[in-house]
Structures are given as structure tokens and as C-alpha cells.
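The values are calculated or read from the model by the stated rules, or taken from the named source; none is laboratory data. As the structure is a prediction and not an experimental result, all values here were calculated from the model. Note that each Cβ is placed from the backbone with ideal geometry, even for glycine, and that neighbours are counted across all protein chains shown. All accessible areas refer to the heavy atoms of the entire protein, side chains included, with ligands and DNA or RNA removed. Shrake-Rupley method; radii C 1.70, N 1.55, O 1.52, S 1.80 Å.
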Amino acid sequence: MIGGAAVGLGMGFVMLLVVGVYLVAGNLLGGVTSASRGLAKGAVPAAYKSLVQKWGNLCPALSPALLAAQLYQESGWNPTVVSPADARGIAQFIPSTWATHGIDGDGDGKRDIWDPDDAIPSAASYDCELAKYVKDVPGNVSDNMLAAYNAGAYRVIRAGGVPAISETRNYVQRIRSLEKSFAAPVTRIDPTRQAAGAIGFAQSKLGTPYLWGGNGTADQGGRFDCSGLTKAAYEEVGITLPRVANDQYNAGPHPSRDQLLPGDLVFFSDNLTDSRAIRHVGIYVGGGYMIDAPRTGAVIRFDPIDTPDYFGATRVTEDGAKALPTRV
């Protein structure tokens, strides 16, 4: 009965989907994302938000959202991570670079590479120092600053801009795309053309039993968990998302509740200040409802989104998804 009722209800959402996505898309004239110097709700863990907000305004080439994107790309907000190249901590400083550019951000008399209170201010300080080095280089100063962080200021100056090094160009592009996920939008956000296809896939799975860790494979009986469903839905339209919900949150900008469109991912958490604590995700279909795979013993179904644990939403974009680190 649950599956049948859900499928029947699903047919009622099909017209909503088509009309909702494409009429709104047609009426949003020039509705591009515009990043402010503020941060999107919960995008930066609460423990680091004030640091990122303060130090992200250290110089004009930097912004809180850009600093947040860089830190997320470097470490996924993990203050204890060590890379194969021995880059350490939340800002991934190599010890030799830390020795010359690390600062005592919290004024406790120590420069600790593992302490975010020192490492985050040091990342901002180093960014702004690099921005001064490349300020006369042609092109966008923030792009050149990021390129200098990755490849060194000398290479940027010699190349007259972002050097033709694939790693460096990808680094700059990823962080500038991720920046949109961390910035608080100040204008409406464009709808995406893939939304209808993603919802169509999710609708076709209504009534399917939930499976923790499910990716919908044949050996799993075609079953999904919440993030497995959203990943598969967007994979159907050519966008590859990370496997877990709290990483999917960074796949694009974040519309407010009153700006939701069908196809947006909607997220839920017991900690509304930290996107890393997100524990559930669904696909918004309009009318205050989502399609989701809720829990063991349930089936993929429609559920309301207006619950006390509603965290926020993401409008998935191709660039945003491509920018996400493969491991955070």
C-alpha cells in the first residue's frame, strides 16, 4: 500500500516538476549567483566560522567564502590530516613553509601548525602575502593568488598569470567553483537543466526498500540509502556527486527555503551550525515535499521537508560537483 500510494502521489508531482522547473527557469532573467562576503548557513563548521569570517577579510583578494573553499579543498576541515607530501593540519602547510609563514593567530605565544586558531589565520596571511607578490600580474588577482599558493609566486609572475600547469589550473578552478558553495547568495540562483532528469530517476524508485550503504546495484537488489539515491539520481543526468550527504552539500550554491526549486537537494541534521554533521538528504519535488530513502524498514517515498532538523538546500551544479575533493 505504501509503495502504491507513493507511486500514485508521484504522478501528481510530474506536472509540478515540469512546470515548476522550466517556468521558473524561463522567468529568471539574468538570475545568476552573486557571492557576498558573508558565509552560507552552516557551510563552515561552527568551531571555525568566526575565524574564517574574520581572516577571510584580511585583504581584497580574499573573502571568507574563498578562504573556506580553500580550507575545505585542502583538508575537509580536518585539523589532524597529514598528506603524502607531509602537508599538515587544516590548512595543509608543509613544515618548511610553516617555518617562514606560520603566524601566532591566537596570540598565545606559540605558532602551532596543528592548531586551527593559528593555521587558519596563517593561511589567510600567506594568501594575502602572495596576492601582494602577484598584484601586477595580468588577470584576476584572486586567481593568481591561488595559483601562487599552489605553484609558487615566481611561476605565476614568469607565466604572466595562472601557469599552464594542469594541477595548478585545476586547483584554481576547483576553489573558485567551491567558493559559490560557501558564499551566502545575494541574488536568486539559476535553476539547473538537469533537475527534471534527477527527479525522474528518483520517482522511478518510489516504493524501493531502503538499504544502508545501498547504491542501487544488482547485488543489492536495486536498493539505496539516502545519499546513494541522490548520487544515483544525479549520475543519471551526468553529474557525479560524492557518496555521503555532508559532502554533497558542497555541490553548488544554497538557495533559501523560499527559493527552493524541484531538483534541489535538501539536508537534515541534529546540529544546524555544521554541514559536516549532516545525516540525511533528499531531492526536493515542490510543495514542501522531497523524495528520500528515509531509514531501515522504510521505502523510498515522499516526505515533508519542514521539520525541526531541516538544515538547508543545495542547487547542484556541474562545476560545483566537479570541484569537490574526491576525499575529504
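For the residues Arg276, Arg176, the requirement of being at pLDDT below 95 and either under 28 Å from Ala46 (Cβ atoms) or among the small types (Gly, Ala, Ser) (or both) singles out Arg276. The set of residues in segment 157-170 that are open to solvent by 10 Å² or more (accessible area, probe 1.4 Å), out of contact with any Ser or Thr (no Cβ under 8 Å at 6 or more places or on another chain) and either in a loop (DSSP other than H, G, I, E, B) or not acidic (Asp, Glu) (or both) comprises Ile157, Arg158, Ala159, Gly160, Ala164, Ile165, Ser166, Arg169, Asn170. Scanning segment 135-158 for residues that are small (Gly, Ala, Ser) and in contact (Cβ under 8 Å) with a residue 60 or more places away in the chain turns up just one, Ser142. The requirement of being among the aliphatic types (A, V, I, L, M), within 18 Å of Ala61 (Cβ to Cβ) and either within 26 Å of the chain's Cα centre (by Cα) or modelled with pLDDT under 95 (or both) is fulfilled somewhere in segment 90-98, by at least one residue.
Here's the yes/no breakdown for (1) within 26 Å of Lys135 (Cβ to Cβ); (2) surrounded by 15 or more Cβ atoms within 10 Å (Cβ to Cβ); (3) of a type in the set (Asp, Glu):
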{"position": "Ala40", "(1), (2), (3)": "no, yes, no"}
{"position": "Ala43", "(1), (2), (3)": "no, yes, no"}
{"position": "Ser63", "(1), (2), (3)": "yes, yes, no"}
{"position": "Ser75", "(1), (2), (3)": "no, yes, no"}
{"position": "Ala99", "(1), (2), (3)": "yes, no, no"}
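Checking Thr208, Thr217 one by one, the residue that is surrounded by fewer than 20 Cβ atoms within 10 Å (Cβ to Cβ) and polar (S, T, N, Q) is Thr217 and no other.
A count restricted to segment 241-274 and to residues that are within 13 Å of the chain's Cα centre (by Cα), open to solvent by 10 Å² or more (accessible area, probe 1.4 Å) and of a type in the set (S, T, N, Q) stands at 1.
Within segment 284-302, the set of residues being assigned to a strand (DSSP E or B) and in contact with a Phe, Trp or Tyr (Cβ under 7 Å, 6 or more places away or on another chain) comprises Val285, Gly286, Tyr289, Met290, Ile291, Val299, Phe302. From Asp319, Asp270, which residue is of a type in the set (Asp, Glu), in contact with a helix residue (DSSP H, G or I) (Cβ under 6 Å, 6 or more places away or on another chain) and over 16 Å from Ala196 (Cα atoms)? Residue meeting the stated conditions: Asp319.
For Arg193, the conditions (1) within 15 Å of the chain's Cα centre (by Cα); (2) among the basic types (Lys, Arg); (3) not in a helix (DSSP H, G or I) are fulfilled apart from (1). Taken over segment 278-294, residues that are in contact (Cβ under 8 Å) with a residue 60 or more places away in the chain, on the phi < 0 side of the Ramachandran plot and open to solvent by 10 Å² or more (accessible area, probe 1.4 Å) amount to 2. Residues of segment 220-230 that are touching a strand residue (DSSP E or B) at 6+ places or on another chain (Cβ under 8 Å) and open to solvent by less than 40 Å² (accessible area, probe 1.4 Å): Phe224, Asp225, Cys226, Ser227, Gly228, Leu229, Thr230. When we screen Trp114, Trp98 for residues that are part of a loop (DSSP other than H, G, I, E, B) and of a type in the set (Phe, Trp, Tyr), the only hit is Trp114.
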